Each structure stands twice: as C-alpha cells, then as structure tokens.
Amino acid sequence: MPAAHPFNNDPFKKARERDGVMKCPFAGEQITMLLRHQDVRDAAADWQKFSSDAPFRVPIPSEEDLRSVRQLPIEIDPPQHKQYRDLTQPFFLRAKKKEVIAAVKAMIEEVVGSMIGRPSFDAVSEFALPIQSRAFTYLLDMPESEAEIWIRWGIHVFRPQDDGTKPGDSLEKYLNERLDLAQSNPGKDFFSALTQAEFNGRKLTRDECLGFANLAFAGGRDTIIHSITCIIAWLGENPDGLAFLREDPKRITLASEEFFRVFMPLTLIGRVCPEGTTIHGVEVQPGERVGLCWVSANYDESVFKDAQQVKLDRRPNPHVAFGFRDHLCQGAAHARLVIRSMLEVLCEKEATIKIIDYAQHLEQTEKFTRAVGFESLNVAFEK
C-alpha cells in the first residue's frame, strides 16, 4: 500500500536528475557526491578506482578529531578487507540464531508493554535507545547489564565532552577498559574474541582491536536508533500502515526493507580516488574523495517507481541502505532482526501510535538539509 511520508529525505532530486552529481563542501573539503543508483553501486563495487584504504576518511566529514585508530574492516580494501571481516563475522551472524531472535523479540515485547498506557514517552531516549542497547548486548554476547552504560551515553556515540577532550575519548577509554578485562579474563564475548584473534599468523594489535570495536559501536548505534524512531513516526502519521501489516504479518519483511530504503540514516560514505577520475563531466583529482550518496540512490526514480511514496509491499526493492558488494554492512542481519521484531510486536499488541510532538535531527550543509531521525519524539501507545 502506498503512502506519502512527512519527512524530506530526498533533497537531491533535482541534482540527481539533472547532473547525476553534486559538489558539496564538508569541513572545508569539496566532495563530489554520486547521486544515481547505478553510479553508486558501480563505485561501491570498484575498489581499485574508489578506495576505502583511507584511515579516518571513509566517514564524511572525516573523523581525525573523533578517534585515533583506523576503523576495521571498513577502512581497508580487498583482499585484506575480507580477511579482517571474517574475524568478527561469527558475532554478526548471531542475529540469525534462534535463541538470539527469541531474546530480541522478548526484550522488545517487554519494552513495548512497559510503554502502553503511559500518557507519553520519548521514543528516542526511552524506546529506541534501550532497544538498540539491549539488542547490541545479544549481538556482542555480553551481559545485558552492560546496556545500562551505553544507555547513559545518550543517542550519539561521539558525544560532546565537558572536560575539553575530543568527543570520541570516552568511547575509546571504555573500549580499552573492556579489552584490558578481556585480555586478563577472556570469555566468549566480542572483546575477548578480538584479544584472541589472529591475523596473518599474529595476534591483533591493540589499535586493530580498537578499530573493530570503534566501528561496531559507531556504526551500529545511531543508525538503528534513527531507523526505529523514523518508523514509529511514520506509523503514527499513517495508522493504515500498521493495520495493513496486522492483516498479514508476512508483509513485515517487505515492509522492513521499504523502511530501510526511505529512512536511510547514513546520507553518504567516502571513497578516495587514488588516480583521479571523471564522473558526469566532473573531474576528481588524484587523492580526492567522492561521496557515495546512499540516500539519493534509494530515491532514484529510474529504479524505484513512485520513490517518494512508502510502499510496504514494494518488490523488487534493490535499495542500498546497507551499502553494496564488498563493504555490505556487517550488521545488516542485526538491524533487520531488530526492525522486524519491533514491527511484529507492534502488530501483536494492537496499540495505536499517537504523535504528540517532536524535534527532528537535521543534517545541514551549504547545499542540502536533510532530516535524519529525531532529537526527541514524544508519542503514546494507546489501546
């Protein structure tokens, strides 16, 4: 069923259709953004021309001021990318285990149940953040009590500091503490696996361990929180959507993929062009970066008919919300599990979602403004 959604997630439409690219400044650096679906997929698949071997420069803006280590495996090219990725893949595959699927569903049932009947609650801090944090403990095979620490961090993992240190220092301190603990008393958790892992016949260095852990927390936190809150807001604005899913819960899988398409939390990701290139007449000099604009690709009308509409039964749906080819998001199965489970529970509880007020989180540049989730979203689940 089609429905318009109330949030502007496609500020790239004119540039995509007219030029295919957009030059945009980020922290003083002019970056050529690839906007069309095919161009984004082609670039994601061509690591020789569009390289990820660029510490701190894969995110846009760059993150030299937020962390001291290269994120692994995302900031490395094949074939080493796959070798690094294989070290942690067993944890990300936990999202397909029956016991983890059951644990996530039960946890979300508890959270949703605790909200029903309340006059209002903030779906960001009181709903999405606890769900993401508790589900993350299942993924990393850590005690669920650890989620309480992560919840206290708030919704942004690189949060501002009061003591003058850079925003990523508290995360790095926490990761070092957990790695120290795992080194002295190893278990079956993610941090223990990192301290025991071998790469090319040697143990991982501390910086490599930190690189894996940093990416896990930076990549799997804000993205899921924003996805949850955007879906809750859309369902509140479009009650027929929830009724459509309740009629046949088998529709939830396709609906989840459509929500990932339209509410893509990561606008773009960077690639470095070692030898330079030309894209739709725009020259990219050797060593300069381009941006693979996932959001624009997901709204490409040449691929997605009526792209501005949310179609919960859209099929096929070749979205790039989790990237493409070699660097396909390692946490995709986990994100899908969380969103499917949430939709299942919302269907089963038969509550309606009432939006009271909200403050959107805006990503603003000189060239575009895009709504990316919410700073707050006050809602009620009403029987």
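Taking the range 46-102 as the range and being of a type in the set (D, E, K, R) and farther than 20 Å from Leu268 by Cβ as the test, the residues that pass are Lys82, Arg85, Asp86, Arg94, Lys96, Lys97, Lys98, Glu99.
Summed over the range 288-312, the residues that are charged (D, E, K, R) and assigned to a strand (DSSP E or B) give a count of 2. Might you check whether a residue that is more than 19 Å from Asp42 (Cβ to Cβ), surrounded by 20 or more Cβ atoms within 10 Å (Cβ to Cβ) and polar (S, T, N, Q) occurs anywhere in the range 270-288? Within the range 270-288, not a single residue is more than 19 Å from Asp42 (Cβ to Cβ), surrounded by 20 or more Cβ atoms within 10 Å (Cβ to Cβ) and polar (S, T, N, Q). The one condition from (1) within 28 Å of Phe374 (Cβ to Cβ); (2) part of a loop (DSSP other than H, G, I, E, B); (3) out of contact with any strand residue (DSSP E or B) (no Cβ under 8 Å at 6 or more places or on another chain) that Ala128 does not meet is (2). Only one entry in Phe121, Phe127, Phe158 is surrounded by 14 or more Cβ atoms within 10 Å (Cβ to Cβ) and touching a Gly at 6+ places or on another chain (Cβ under 7 Å), namely Phe158.
Here Ala103, Ala95 are screened, and the one residue that is in contact (Cβ under 8 Å) with a residue 60 or more places away in the chain, surrounded by fewer than 21 Cβ atoms within 10 Å (Cβ to Cβ) and in contact with a helix residue (DSSP H, G or I) (Cβ under 8 Å, 6 or more places away or on another chain) is Ala95. Residues that are among the β-branched types (Val, Ile, Thr) and out of contact with any strand residue (DSSP E or B) (no Cβ under 8 Å at 6 or more places or on another chain) within the range 23-71 comprise just one, Val69. Across the range 216-255, the qualifying residues are those that are over 21 Å from Pro316 (Cα atoms) and of a type in the set (Val, Ile, Thr), and the one among them that is nearest to the chain's Cα centre (by Cα) is Thr223. Note on the range 166-271: enclosed helices (runs of 4 or more DSSP H) holding 1 or more residues that are in contact with a Cys (Cβ under 8 Å, 6 or more places away or on another chain) are 169-184, 190-196, 206-219, 239-247, 252-262. Of Phe191, Phe212, Phe199, Phe260, all but one fail to be aromatic (Phe, Trp, Tyr) and surrounded by fewer than 19 Cβ atoms within 10 Å (Cβ to Cβ); the exception is Phe199.
Looking for something touching a Pro at 6+ places or on another chain (Cβ under 6 Å), closer than 20 Å to Ala321 by Cα and either crowded, with 18+ Cβ neighbours inside 10 Å or in contact (Cβ under 8 Å) with a residue 24 or more places away in the chain (or both) - is there at least one such residue anywhere in the range 51-62? Within the range 51-62 (the criterion being touching a Pro at 6+ places or on another chain (Cβ under 6 Å), closer than 20 Å to Ala321 by Cα and either crowded, with 18+ Cβ neighbours inside 10 Å or in contact (Cβ under 8 Å) with a residue 24 or more places away in the chain (or both)), the answer is yes, since at least one residue qualifies. The number of residues in the range 72-129 being hydroxyl-bearing (Ser, Thr, Tyr) and farther than 21 Å from Asn378 by Cβ comes to 2. When the range 289-310 is limited to residues that are touching a helix residue (DSSP H, G or I) at 6+ places or on another chain (Cβ under 6 Å) and either closer than 20 Å to Leu34 by Cβ or among the basic types (Lys, Arg) (or both), the one that is surrounded by the most Cβ atoms within 10 Å (Cβ to Cβ) turns out to be Ser296.
Among the residues that make up the range 256-274, is at least one of them closer than 21 Å to Ala216 by Cα and among the charged types (D, E, K, R)? Yes, the range 256-274 contains a residue that is closer than 21 Å to Ala216 by Cα and among the charged types (D, E, K, R). Residues in the range 258-281 that are within 30 Å of Leu346 (Cα to Cα) and out of contact with any helix residue (DSSP H, G or I) (no Cβ under 8 Å at 6 or more places or on another chain): Glu258 alone.
Values quoted throughout were computed directly from the atomic coordinates according to the rules given, and no laboratory measurement underlies them. Bear in mind that the values here come from a model prediction, so they are computed numbers and not experimental data. All Cβ positions, glycine included, derive from the backbone under ideal geometry; neighbour counts span all protein chains shown.
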